[in-house]
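**Q** Structure in structure tokens, see below.
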Amino acid sequence: MYNQQFPSVTILGSTGSVGEQAIDVALKNKIQVNALCAHKNAKRVEEQARLLNVKACAMADSKAAAELKLALADTEVKVYSGDDGICEMIGENYGKNEVVVNSVIGEAGLKPTLATLTAGKKLALANKESLVCAGDFVMRLAKEKGIEILPVDSEHSAIFQCLRSGSKKQIQRILLTASGGPFYGMTREQLSDITVERALAHPTWNMGAKITIDSSTLMNKGFEVIEAVHLFDVRPEQIEVLVHKESIMHSAIEYIDNSVIAQMSVPEMRLCVHYALTHPQRTEAVIPRLDLTQIGKLTFSKPDTKTFVLLQLALDSIARGGAVPAVLNAANEVAVAAFLQHKLSFTGIFDLVTETVNSLPDAAKIDSIDDIFAFDGAARRLANEILERRF
Ligand code: MN3
């Protein structure tokens, strides 16, 4: 039987790292899973659908949707196809008082976020791009619908947990921690010949390829600053990024009385999903205990934004506003994909993203969400053009 004290869930991006962990948390807490969505791994979705006894599934890829429909022909599971199908599924009521976990990767996660809020459902957000690209629109819609967004990223989950000690209005500063990634401390020259294999080798957190690269370039940290500005309603200058190699303190809030409240645990995303799904309750652990005597000491330092230029570019982008953060994200998606396909060097990511962002001066002026999508498309085209011409 399901635990009725918790909302039921729909998991978007169910075959990814966060999605699989969300399923694990749901199983351990007897939380009912209503629906699943993934890009194209129909085989895995079929297994998940049978294991969780879900009512619906959606595949972004139409061929995969057809494959899944056939595979689940002996069940009652409804199968949706494509981006519109995903949003249609989100709009249906497959369970009461539902939370949608959005762990879709990239800008593709924005429409599902908007569909979730439009449907008046709670949103557990792991997709960064929703807030990076369209933070103003997403937060406005959430406010209109009276929906609190539950952050799933470790830093934002930490800040969200620390917020139980005060209110958003009493935040003086947010201390956002960064592991720095495996290459932190290297010079630009040393970074220039980092291979794909090396970049993907030893992440501190268990996560997908895109975010592993974003973490090692500090682009991810830049996105997280933008997310935090929107989620916690603070100014960019109220956020201090701290390099904290041990990844034990996941972020902190300094309140107006100078009291600093931090959240710590072993570095496991599972806890973030767990807290989002059981908040404001706490239930039995899904992660190991933290032994601080084993860790010994925690270190903190200022980030090197001269070498890791994408962090600085993100700070500048949020200050410029409009679609600039969306352009930054689009350029980065193109650059990281090119790096993973061995078409661009590691520092080529820095250069391609910087050049693309600096080449779209009008991006700061926008009127609607459609402008965001238009600039996203323009930035991708431009980044690809620059890539072919120069790299
Ligand atoms: Mn994070």
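The values are calculated or read from the model by the stated rules, or taken from the named source; none is laboratory data. Keep in mind that this is a model prediction, so the values were computed, not measured. Ideal geometry is used to build each Cβ from the backbone, glycine not excepted, and the neighbour counts take in all protein chains shown. The area values use the complete protein model at the heavy-atom level, side chains included, leaving out ligands, DNA and RNA. Shrake-Rupley method; radii C 1.70, N 1.55, O 1.52, S 1.80 Å.
**Q** So Asp291 fits all but one of (1) more than 24 Å from the chain's Cα centre (by Cα); (2) free of Cβ contacts under 8 Å to residues at least 12 places away in the same chain; (3) open to solvent by 80 Å² or more (accessible area, probe 1.4 Å); what number is the exception?
**A** (3)
**Q** Filter region 12-29 down to residues that are of a type outside the set (D, E, K, R) and within 12 Å of Arg44 (Cβ to Cβ), then give me how many there are.
**A** 6
**Q** Sticking with this structure for a sec: Considering only region 170-178, I want to know if a residue exists there that is part of a helix (DSSP H, G or I), more than 16 Å from the ligand (Cβ to nearest atom) and at pLDDT 95 or above.
**A** Within region 170-178, one or more residues are part of a helix (DSSP H, G or I), more than 16 Å from the ligand (Cβ to nearest atom) and at pLDDT 95 or above.
**Q** Answer yes or no as to whether Glu144 is open to solvent by 50 Å² or more (accessible area, probe 1.4 Å), more than 20 Å from Lys221 (Cβ to Cβ) and either aliphatic (A, V, I, L, M) or more than 14 Å from the chain's Cα centre (by Cα) (or both).
**A** yes
**Q** Quick one: in region 134-155, which of the residues that are modelled with pLDDT of 95 or more, more than 16 Å from the ligand (Cβ to nearest atom) and not in a helix (DSSP H, G or I) is nearest to Gln21 (Cα to Cα)?
**A** Ile147
**Q** Follow-up. Which number in (1) away from the ligand (no atom under 13 Å from the Cβ); (2) farther than 21 Å from Lys111 by Cβ; (3) β-branched (Val, Ile, Thr); (4) in a helix (DSSP H, G or I) marks the one condition that Ile159 misses?
**A** (1)
**Q** Got a sec? Which of Leu200, Leu242 is closer than 27 Å to Val324 by Cβ and either surrounded by fewer than 19 Cβ atoms within 10 Å (Cβ to Cβ) or within 15 Å of the ligand (Cβ to nearest atom) (or both)?
**A** Of Leu200, Leu242, the one residue that is closer than 27 Å to Val324 by Cβ and either surrounded by fewer than 19 Cβ atoms within 10 Å (Cβ to Cβ) or within 15 Å of the ligand (Cβ to nearest atom) (or both) is Leu242.
**Q** Counting only residues that are in contact with a helix residue (DSSP H, G or I) (Cβ under 7 Å, 6 or more places away or on another chain) and of a type in the set (Ser, Thr, Tyr), which one in region 43-101 is farthest from Ser8 (Cα to Cα)?
**A** It comes out as Ser62.
**Q** Have a look at Phe183, Phe232, Phe223 and point out the one that is more than 16 Å from the ligand (Cβ to nearest atom) and open to solvent by less than 10 Å² (accessible area, probe 1.4 Å).
**A** Just a single option satisfies the conditions, and that option is Phe183.
**Q** Answer yes or no: is there a residue in region 360-372 that is in contact (Cβ under 8 Å) with a residue 24 or more places away in the chain, part of a helix (DSSP H, G or I), surrounded by 18 or more Cβ atoms within 10 Å (Cβ to Cβ) and not aliphatic (A, V, I, L, M).
**A** Looking through region 360-372, none of the residues is in contact (Cβ under 8 Å) with a residue 24 or more places away in the chain, part of a helix (DSSP H, G or I), surrounded by 18 or more Cβ atoms within 10 Å (Cβ to Cβ) and not aliphatic (A, V, I, L, M).
**Q** Of the numbered conditions (1) of a type outside the set (Lys, Arg); (2) open to solvent by less than 50 Å² (accessible area, probe 1.4 Å); (3) free of Cβ contacts under 8 Å to residues at least 40 places away in the same chain, Leu277 satisfies every one except a single condition; which is it?
**A** (3)
**Q** When only residues in region 1-38 that are hydroxyl-bearing (Ser, Thr, Tyr) and part of a loop (DSSP other than H, G, I, E, B) count, which is most open to solvent (accessible area, probe 1.4 Å)?
**A** Ranking the candidates gives Tyr2 first.
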